[in-house]
Amino acid sequence: MAASYPKLQLRDLGNTGLKTSSVGFGASPLGSVFSTVSEEDAVAAVREAFRLGINFFDTSPYYGRTLSEKMLGKGLKALGVPRSEYIVSTKCGRYGEGFDFSAERVTRSIDESLARLQLDYVDILQCHDIEFGSLDQIVNETIPALQKLKEAGKTRFIGITGLPLEIFTYVLDRVPPGTIDVILSYCHYSINDSTLLDLLPYLKSKGVGIISASPLAMGLLTDHGPPDWHPASPELKSACQAAAAHCKKKGKNISKLALQYSLVNKDISTVLVGMNSVRQVEENVAAAEELATFGRDEETQSEVEAILIPVKNQTWPSGIQKS
């Protein structure tokens, strides 16, 4: 019999009226992005997540070249619950074959995504990794196209995602208030990089819901370390490796510590974690429940932060580089 947990904390997602679970289900691993995931395991992970109180599921046609959306769709269908009981977010503009933020492509994109997800609408449609496109095109062409899709009932809310934090202010300053409902930032709110903190007052003033993804910094804050393609500097990789080794020596787990660090800030509506198995789902929910019950491991966190001081807030380039 699997462990039973109290329901996860729900948090307001900006001004949307949606309440998201503090831990969100990142479905990119369901596209076998990191390792092969069977349909059976994908469906079981989604079902277990929902059973344990996760109500927010995030995907993209880019993940596994559409496979993530298909797998998530099968998992959600298997829940057999009313559509209003879960929140689904997908993306547009980034595909296996490249980037295309044109109005024509994103309009076609949502119909393709809905078919794969076996849904009539998504709750959030986000422009995916906008730093790889023209931000002016996002403002003048893509967002207006998404507003039409919102009016057509294909998405309830609109969002933007990306790595460099300045993309959010650039776009939000150039669209009418209330146009963008949600932003998804990744790798900027964890033990090694908390630069998203500086942007929170601005985002709150805009009434925007805040999703923070990759609390494990795309594998940096894990025992097994990041994948070979990880863009971090050698210094950042080796500092995170040392921090992970320190935790292990103390009988602690750096991934749990990192997730708990990200979950503490209630201004962040949901912390998105990639999951591909029942075991991963249960570990992540247990970490959230342990935090809610006992609080953070302040001692180990301080020790890890001390190890990471030389590389604190170090990031990496992403997108079209300006000269």
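The values are calculated or read from the model by the stated rules, or taken from the named source; none is laboratory data. Predicted model only: the values in this text are computed from it and were never measured. A quick note on method: Cβ atoms are made from the backbone with ideal geometry, for glycine too, and the neighbour counts reach across all protein chains shown. Surface areas here come from the heavy atoms of the whole protein model, side chains and all, with no ligands, DNA or RNA. Shrake-Rupley method; radii C 1.70, N 1.55, O 1.52, S 1.80 Å.
Accessible area per residue for the chain, computed on protein heavy atoms with a 1.4 Å probe, is 42 Å². The Cα atoms of the stretch 109-151 cover 32, 22, 14 Å along the three principal axes, with the biggest extent listed first. Here the stretch 90-190 is assigned +1 on the Cβ of each Lys and Arg and -1 on the Cβ of each Asp and Glu. Its dipole about the Cα centre then comes out at about 220 debye. The lysines whose alpha-carbon is closer than 16 Å to the alpha-carbon of K248, local same-chain residues fewer than 8 away aside, are K256.
Compute the longest continuous run of the chain that contains no exposed trypsin sites (Lys or Arg not before Pro); treat a site as exposed when its DSSP state is not H, G, I, E or B and it has at most 16 other Cβ atoms within 10 Å.
That gives 66-173 as the longest site-free run.
Full extension of the chain segment joining K266 with E112 gains 52.0 nm, where the gain is 0.36 nm per residue of separation less the Cα-Cα distance. To put it simply, the accessible area of the chain at a 1.4 Å probe is 52 percent carbon and sulfur. Each distinct pair of alpha carbons in the stretch 48-134 adds a 1/r term; the inverse of their mean, the Kirkwood radius, is 13.3 Å. Of all lysines in the structure, the ones whose alpha carbon falls short of 24 Å from that of K249, not counting any fewer than 8 places away in one chain, are K237, K312. For the stretch 193-232, the Kirkwood estimate of the hydrodynamic radius, built from every pair of different alpha carbons, is 12.1 Å.
Size descriptors for the stretch 254-323: radius of gyration and Dmax over Cα atoms are 15.1, 49 Å.
Helical content alone sets the calculated 222 nm signal of the chain at -11500 deg cm²/dmol, taking -39,500 (n - 2.57) per DSSP H segment of four or more residues and averaging over every residue. Each distinct pair of alpha carbons in the stretch 81-184 adds a 1/r term; the inverse of their mean, the Kirkwood radius, is 13.7 Å.
Dividing the Cα radius of gyration of the chain by 2.2 N^0.38 Å, with N the residue count, gives 0.94. Seen from every direction in turn and averaged, the convex hull around the alpha carbons of the stretch 203-312 projects onto 8.0 nm². GNM on the chain, alpha-carbon springs under 10 angstrom: the most fluctuating residue among C247, C187, C92 is C247. Size of the stretch 1-108 from its Cα atoms: along the principal axes, largest to smallest, the extents are 45, 37, 23 Å.
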